[in-house]
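Working notes, structure below.
Any read-out appearing in this document is the output of simple, stated calculations on the displayed coordinates, not a laboratory observation. Predicted model only: the values in this text are computed from it and were never measured. Positions of Cβ are generated from backbone atoms using ideal geometry, with glycine treated the same way; all protein chains shown enter the neighbour counts.
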Amino acid sequence: MTSTIKSDHVHAYGAQDAHQPLEPLAINRRQPGAHDVQIDIAYCGICHSDIHQVRSEWAGTLYPCVPGHEIVGHVTAVGSQVKDFKTGDLVGVGCIVDSCRECEECKDGLENYCDHMVGTYNGPTQDAPGHTLGGYSQRIVVDDRYVLHIRHHKDQLAAVAPLLCAGITTWSPLRHWQVGPGKKVGIVGIGGLGHMGIKLAHALGAHVVAFTTSESKRADAKALGADEVVVSKNADEMAAHQQSFDFILNTVAASHDLDAFLTLLKRDGTMTLVGVPAKAHPSPQVFNLVAKRRTLAGSMIGGIPETQEMLDFCAQHNIVADIEMIRADEINQAYERMIKGDVKYRFVMDCATL
Ligand SMILES: [Zn+2]
Ligand SMILES: [Zn+2]
């Protein structure tokens, strides 16, 4: 596809096909249009979705593929119609850079459920090369409707990056199912998503129980804000929590037995899944749903207004992700470590090393 928009050369990291490691690439970014915000990227968080996309594990990946949708940086130019952002502002971009703006979902500020949502990478665009390129790059240009204000201290910027995907993916269901004081809430899985889920549910005032398969994460989960920690392989520990939860946020993307957690919900309780397993979960027992009028639900990232709400809440409560910083040329090793679960709890790329 040819672009009529003047473009600008920037350094990036990406892959040329599904079987190649990521490598340095030169990409183009459009000049900011009337409604655009040009952002020099300081840091980009590394999400599991990046690995699935770059390796075409979800099929349909367009190459070259530049992943990254946990973007933070500062504004370096704005279009003539941009009112809400100015040069120098600290800003973020998450998983969404455009949507239809007219459907029920867009009108409700839930662009994440718009059928025409444009992802920050691998989405359709007029810009070269015809699909969006993400945050493993020095610069991005995004319509102001999809840019978020960051009100944390600038020294916290790197650790804010994972809020743009891991943060909102857990915040949106916690808010939708009204987690707060007086509620007993379970967080299943203590990884990139789960560690944010624990922090956010704790800050919202709920009684938080973290579930992990590894004994070694017990102390970590407490430090993150869990009131109790359950090793889910331990049947006695699980039995002690039967029929006691108002809400369970299940962040585990691997196929597992959902009934083990559904039976922990009390009457009218809900378990929401935010991970999508490559191999389907074994079907839950319908009896476990009907017996106590329980709900099994799902949730995908979050809309732009609630992302801003989450960022402001986190700034107010001094919440950031726990991160390990990497240089751009360490990205392939970082992927291998993520696949082994060897990161506490999110890698963030220092985009100054691109
Ligand atoms: Zn993500
Ligand atoms: Zn829409």
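Per the Debye calculation on segment 246-354 with a single equal scatterer at every Cα and no solvent contribution, log₁₀ I(q)/I(0) for q = 0.12, 0.22 Å⁻¹ amounts to -0.64, -1.17. Once C-alpha pairs closer than 8 Å and six or more residues apart are averaged by separation and normalised to the residue number of the chain, the relative contact order reads 18 percent. Couplings for segment 233-239, taken from phi via the Karplus curve 6.51 cos²θ - 1.76 cosθ + 1.60 with θ = phi - 60°, read 6, 8, 4, 5, 5, 5, 4 Hz in order; Gly and Pro are left as x. Most simply put, the chain has about 55% antiparallel DSSP beta bridges, counting only bridges with both residues inside it. Exposure proxy for 63, 121: other Cβ atoms within 10 Å of each Cβ, ordered fewest to most, give 63, 121.
Annotation for segment 134-176 versus segment 247-261: alpha-carbon center distance of 26 Å. Legend: residue pairs 154/184; 86/154; 86/199; 184/217, Cα-Cα distance threshold 24 Å; pairs beyond threshold, 154/184; 86/199.
Ranked by Cβ crowding within 10 angstrom, fewest neighbours first, how are 174, 249 ordered?
174, 249
With a 10 Å Cβ neighbour count serving as the proxy for reagent exposure, in which order, fewest first, do 287, 347 appear?
If I rank by nearby Cβ atoms, fewest first, I get 287, 347.
Residue separation of residue 337 and residue 235 scaled by 0.36 nm, minus their Cα-Cα distance, works out to 33.8 nm of gained length.
Please express the shape of segment 111-251 as an equivalent ellipsoid: the semi-axes are the square roots of 5 times the eigenvalues of the C-alpha gyration tensor, given largest first in whole angstrom.
34, 16, 15
The value obtained for segment 61-192, namely the Cα convex hull volume divided by the number of residues, is 159 Å³ per residue. Computed extension length for residue 57-residue 103: 13.6 nm, one decimal, from 0.36 nm per residue of separation with the Cα-Cα distance subtracted.
For segment 76-140, a/c is not less than 1.5, where a ≥ b ≥ c are the root eigenvalues of the C-alpha gyration tensor, and a/b does not top b/c. That puts it in the oblate class.
Annotation note: GluC sites (Glu not before Pro) in segment 40-109 located in DSSP loop regions with a Cβ neighbour count of at most 14 within 10 Å are 57, 102. When the alpha carbon gyration tensor of segment 160-213 is reduced to an equivalent ellipsoid, its three semi-axes come out at 17, 14, 8 angstrom, largest first.
The convex hull defined by the C-alpha atoms of segment 1-108 has an orientation-averaged projected area of 8.5 nm². Per-residue extension of 0.36 nm, minus the Cα-Cα distance of residue 260 and residue 228, leaves a gain of 9.8 nm for this segment.
Two tests apply to each whole DSSP H helix in the chain, Cα reach of 15 Å or more along its axis and mean Kyte-Doolittle hydropathy of at least -0.5, and the ones passing both are 166-176, 192-203, 304-316. Here the sum of -39500 (n - 2.57) over DSSP H runs of 4 or more residues, divided by the residues of the chain, equals -6000 deg cm²/dmol at 222 nm, to the nearest 500. One compactness figure for the chain is 0.99, namely its Cα radius of gyration divided by 2.2 N^0.38 Å. Remark on segment 67-106: ratio of C-alpha radius of gyration to 2.2 N^0.38 Å is 1.41.
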